[in-house]
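Asks: The structure's right below; bear with me while I get my questions together.
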Amino acid sequence: MADDSIFEKKIDPVYQAGGVLILVFVFQALGTAVSAGTEDVVNNRWAWLCAASFMLFYALFNAIMSATSKNILKYWGRSLYSFMGLALGSGLLAWAFSGIPIGEAGSYKWIFFVVTFGYLVFMSMIAIMKNVVDFAQKEEWNKPKLKSRKRR
């Protein structure tokens, strides 16, 4: 049995977004089933909460996974398009399950905006860190020369 980390695997961003969208659907369906029995546990904005939460999960997971990609630009392109598809798909599912459009879902419109902005920040931070590490690995480091100071 191999002790490979999930972060060493190369999972395409499209598959990541697809898996997260399936999880969004499952949790929204479970929330709807629970709310059919009692409305005390799950309110009508549960679907929007699931959509925003899983978008944040994708943002973090995808940004971390981008650190192991060989071609960062190709990965970025596929990731951004996958994130847009996930945002659209999870938003449409939330609308379908809750019957509430995002404009009437309270602060979830702003939460979607913040998660999207945070996703771009996460991706940028990982790309910068990856470039610094790549530069450091290519560079030949020598011990710095100590300057001798003349004492008076």
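The values are calculated or read from the model by the stated rules, or taken from the named source; none is laboratory data. Note that the structure is a prediction, hence the values are computed from the model and not measured. All Cβ positions, glycine included, derive from the backbone under ideal geometry; neighbour counts span all protein chains shown. Quick note on the areas: whole protein, heavy atoms, side chains included, nothing else; ligands and nucleic acids left out. Shrake-Rupley method; radii C 1.70, N 1.55, O 1.52, S 1.80 Å.
Asks: Using the Cα gyration tensor of the stretch 72-113, with a ≥ b ≥ c the square roots of its eigenvalues, what is the shape: rounded (a/c below 1.5), prolate (a/b larger than b/c) or oblate (neither)?
Replies: On the way: a/c = 5.62, a/b = 2.26, b/c = 2.49.
In terms of gyration-tensor shape, oblate.
Asks: Could you put 48, 95, 110, 76 in order of accessible surface area, largest first, with the 1.4 Å probe and the full protein assembly present?
Replies: Working: 48 5, 95 130, 110 165, 76 60 Å².
So, going from the largest accessible area down, we get 110, 95, 76, 48.
Asks: Let me ask something else. Net charge near residue 81: determine it from the other residues with C-beta under 14 Å of the C-beta of residue 81, scoring Lys and Arg +1 and Asp and Glu -1.
Replies: Numbers: positive: 74, 78; negative: 12.
Cβ neighbours under 14 Å give a net charge of +1.
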